[in-house]
């Protein structure tokens, strides 16, 4: 939009002939303001009126912009009563208000309209997403998402992610489940994963985020990430490649080493566990299993080290009772119940 300097000359004439191809809303609204002022000008001609009608008919957006402009103008007219030439007492020698004074006031109002809509448009362009996509998977389903900037998200089973890109940031909301993020570097738009009580901030890296009901697990394959505990207590840790941590209600756990073989093993249709609590084992298996696995709370923290093939999930569940102090019941197809030994 033209600068404020020279506003009077800018609004004194109708838009140039043929200028009807604007594609951005501020430009179209800007043209509508020009036409409104041209038609209110004392010297408005029949030629101006015909040119305006051609502009109005050229694009439905023109008619919408002009209608909005007129409504905005009418909303600003009460300001003229308080702040206009009448309020200033600016009169001619005969006591009447001059045309030039009234025209100056209308020009100022038009400049305000154009400035306000431009400010509003740029504010909206900053806070409204420029790119948005959602993906969800069922049990044993995997989905790969290629984002607008070349970043990739690989979604595990029973998972749900929403991605929004803005002018100054990229945000992925992991609503449920597990995903590997391979982020294209862009220092002007940091990439953030929001996942319940935890937040992961990156610029360019590859990492895995697993969201469970009561905690969040983060493991880095490449690069560096910042992990934040959202809320109270608010804590932060920076992870490098080969490191991981868990975020819980109590805060962020100690940084631990993670192996590339274990992180994202589900992309190879295998699950790798190294002294993992049984609750995490069951959650990981459940993402690949359409049935129901119920785990008793007293057995949730029992550690397990194992490698589970997707094709052998039923066999693995059956074998738990021979390697752990648990009892496994299989009362119906695709239904399992795991409890600690000695509990009925």
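The values are calculated or read from the model by the stated rules, or taken from the named source; none is laboratory data. What you see is a predicted model, and the numbers here were worked out from it, not measured in a lab. Note that we place each Cβ from the backbone using ideal geometry, even for glycine, and neighbour counts take in every protein chain shown.
Summary table below
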| read-out | value |
| --- | --- |
| The stretch 36-58, residues that are at pLDDT 85 or above and touching a helix residue (DSSP H, G or I) at 6+ places or on another chain (Cβ under 9 Å) | 51, 52, 55, 56, 57 |
| Those residues of the stretch 249-268 which are closer than 28 Å to residue 144 by Cα and either surrounded by 13 or more Cβ atoms within 10 Å (Cβ to Cβ) or without any contact (Cβ under 8 Å) to a residue 24 or more places away in the chain (or both), in sequence order | 256, 257, 258, 259, 261, 262, 263, 264, 265, 266, 267, 268 |
| Selected residue (only one of 220, 237, 193 is over 22 Å from the mean Cα position of the chain (by Cα), free of Cβ contacts under 8 Å to residues at least 24 places away in the same chain and crowded, with 18+ Cβ neighbours inside 10 Å) | 237 |
| Residue 154 assigned by TED's automatic domain parsing to the domain that holds residue 212, part of a strand (DSSP E or B), touching a residue at least 40 places away in the same chain (Cβ under 8 Å) and in contact with a helix residue (DSSP H, G or I) (Cβ under 7 Å, 6 or more places away or on another chain) | yes |
| Residue match in the stretch 336-344 (condition: in contact (Cβ under 8 Å) with a residue 40 or more places away in the chain, outside any strand (DSSP E or B) and either out of contact with any strand residue (DSSP E or B) (no Cβ under 8 Å at 6 or more places or on another chain) or more than 27 Å from residue 209 (Cβ to Cβ) (or both)) | yes |
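Okay, residues lined up against (1) outside the structural domain of residue 193 (by TED's automatic domain parsing); (2) outside any loop (DSSP other than H, G, I, E, B); (3) more than 27 Å from residue 205 (Cβ to Cβ):
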site	(1), (2), (3)
238	no, yes, no
273	yes, yes, no
279	yes, yes, yes
282	yes, yes, yes
298	yes, yes, yes
313	yes, yes, yes
